[in-house]
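Written below as structure tokens is the structure these notes are about.
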Amino acid sequence: MKKKVIFLIVLLMAFVHFSLPASLTKDLKITVGEKRIRDFSLDGLTFVFHVNIANSSSKDYFLSGYEYRFIVNQTDYLQLQTELEEGIRIEARGETLVAFPVKITYENLFRTIPEMKNELHVMCNLVGWARFSDVRRERGKLALAFTGDFPIFWKPELQLVRLQVNTLTIGGADIEFAVKFQNKNRFDLMVDRISYTLTLAGYKIEKGTIAGDKNIDKQGEKLFSLPLLLDFFDIGKEVYNVLNKSSTQSRFFGVVEVQTVWGRLTIPFDKQELLTIKRIP
């Protein structure tokens, strides 16, 4: 599949080379430089092709417009046609850097190309034309044909693992609450902070942050065990009855603050389910 796309791009570039005015192909050369990800968020990102246009002639050219298709998995994700009224000056015997940004929202990507819902990484192609003029008239167009790749970000999945009562008295309790975060992504999650609130049967038990090493390896998981000493005079005498039962409705919610190579993310989580209460014999 990937070879087929590359083959089509090569054919397009060959066609363009033999069909455009010789002066334009001689004077101007387009090469892709850096490919960057910006505006990285839980909902998507902007993928930017930084393109260098070198002008070897003694006269200025102007980038007067461009049109391109952004292709994912051999399917058009986006088609764009832009007219530049002022034009971007491509100075004589100089080089000019032009950015071609593509905004990607995961929701729209999955709707347009449903098979991407199961992917962690996306290969993409930008194929089209850049049109050029001089001070008098349009001079022709050159091909745009670039490849790139970007990640699909998946929020860490949360699992409530264990609610264990070590000791229970009329005045308080010693309990352990354990949760597991799973990282589906192909990169490590460098976790700065996990802030949480724990409720049992609707009663707020604890609000705090998880200490220690919180980083989660790529496609890995990490178990966090939270030892808690409860004072029923502070949180409510009713919690004694809650912990005396065989199970209770448990809710664990908050935010994970993560550093990535593309920026910082604040990821909300909220998990609620009925947990069996384990006891020390």
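The values are calculated or read from the model by the stated rules, or taken from the named source; none is laboratory data. Just so we're clear, the structure is a prediction, and the values are computed from it rather than from any experiment. Backbone-built Cβ (ideal geometry, glycine too); neighbour counts: all protein chains shown. Side chains are part of the model used for accessible areas, which takes the heavy atoms of the whole protein and leaves out ligands, DNA and RNA. Shrake-Rupley method; radii C 1.70, N 1.55, O 1.52, S 1.80 Å.
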*Percent accessible area from carbon and sulfur atoms, the chain, protein chains only, probe 1.4 Å*: 50 percent
*Using only Cα positions of the stretch 240-281, each an equal point scatterer, no hydration layer, compute I(q)/I(0) via Debye at q = 0.19, 0.28, 0.32 Å⁻¹ and quote the log10 values to two decimals.*
-0.68, -0.95, -1.05
*Per-residue accessible area for Thr276 at 1.4 Å probe radius, Å² rounded to 10?*
100 Å²
*Name the residue farthest towards the positive end of the dipole of the stretch 139-206 from the options Gln164, Ile175, Ile194, assuming +1 on Cβ of Lys and Arg, -1 on Cβ of Asp and Glu, about the Cα centre.*
Ile194
*Kindly state, to the nearest 0.05, the FRET efficiency for Lys29 paired with Arg279, given R0 = 51 Å and r defined as their beta-carbon distance.*
0.10
*Shape category assigned to the stretch 148-281 from the gyration tensor of Cα positions, a/c cut at 1.5*: prolate
*Using alpha-carbon pairs under 8 Å, 6+ residues apart, how would you state the relative contact order of the chain in percent?*
15 percent
*Projected onto the charge dipole of the chain (+1 at Lys/Arg Cβ, -1 at Asp/Glu Cβ, origin at the Cα centre), which of Phe269, Gly212, Thr75 gives the Cα projection farthest towards the positive end?*
Thr75
*Would you kindly calculate the mean projected area, averaged across all directions, of the convex hull enclosing the Cα atoms of the chain, in square nanometres?*
19.6 nm²
*Trp262, Trp154, reordered so the largest accessible area comes first (probe 1.4 Å)*: Trp262, Trp154
*asked:* I'd like the accessible area for Ile280, computed on protein heavy atoms only with a 1.4 Å probe and all protein chains in place. Round to 10 Å², please.
replied: 90 Å²
_Rg/Rg_ref, the stretch 95-168, where Rg_ref = 2.2 N^0.38 Å and atoms are Cα_ = 2.07
